[in-house]
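The values are calculated or read from the model by the stated rules, or taken from the named source; none is laboratory data. From a predicted model like this one, the values you see are computed outputs, not experimental measurements. Reconstructed Cβ throughout: ideal geometry from the backbone, glycine too, with neighbour counts over all protein chains shown. We work out accessible area using only protein heavy atoms, side chains counted, and drop any ligands, DNA or RNA first. Shrake-Rupley method; radii C 1.70, N 1.55, O 1.52, S 1.80 Å.
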Amino acid sequence: ALLAPLVEELVFRGLFYGWLAGRWGSGIALVASSLAFAAAHVEAAHIILVLPLGLWFGWLRRRTDSLLPPLVAHMANNGLAVVAAAYLGS
């Protein structure tokens, strides 16, 4: 719940978003980095579920011009998923 969000946010909202925003603006960076984030989750059902999260994390990055808010949101989301899986798996 901690390492994957850190790496994903550094790659998708840090490097990729930053590179795209510098070339084509923050709107394109938000959409493209969110699509790439969703595509990285491979399974079609997972992509559909993850895309809105990617858009939200991208919006947080754009709105705050910081990686910290999307990172915290991503960690909270994954943390809740781990807790839910632990309780549902019991």
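Overview of values
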read-out: Cα long-axis angle, helix 68-89 against the chain (0 to 90 degrees, to the nearest 10); value: 20 degrees
read-out: Tilt relative to the chain, helix 26-39 - C-alpha long axis, 0 to 90 degrees, to 10; value: 30 degrees
read-out: Within the accessible area of the chain (1.4 Å probe), percent carbon and sulfur; value: 74 percent
read-out: Accessible area expressed per residue, the chain, with surrounding protein chains retained (probe 1.4 Å, Å²); value: 61 Å²
read-out: Summed residue charge, Cβ within 13 Å of Val50's Cβ, Lys/Arg positive, Asp/Glu negative; value: -2
read-out: Acute angle (nearest 10 degrees) that the helix 44-64 long axis makes with the longest principal axis of the chain, alpha-carbon atoms; value: 50 degrees
read-out: Three-way shape label, region 33-90, alpha-carbon gyration tensor, a/c 1.5; value: oblate
read-out: Mean Cα-pair separation over length for the chain, i.e. relative contact order, pairs under 8 Å, 6 or more apart, %; value: 32 percent
read-out: For the chain, with +1 on Lys and Arg beta carbons and -1 on Asp and Glu, the positive-most of Met75, Val31, Val42 along the dipole; value: Val31
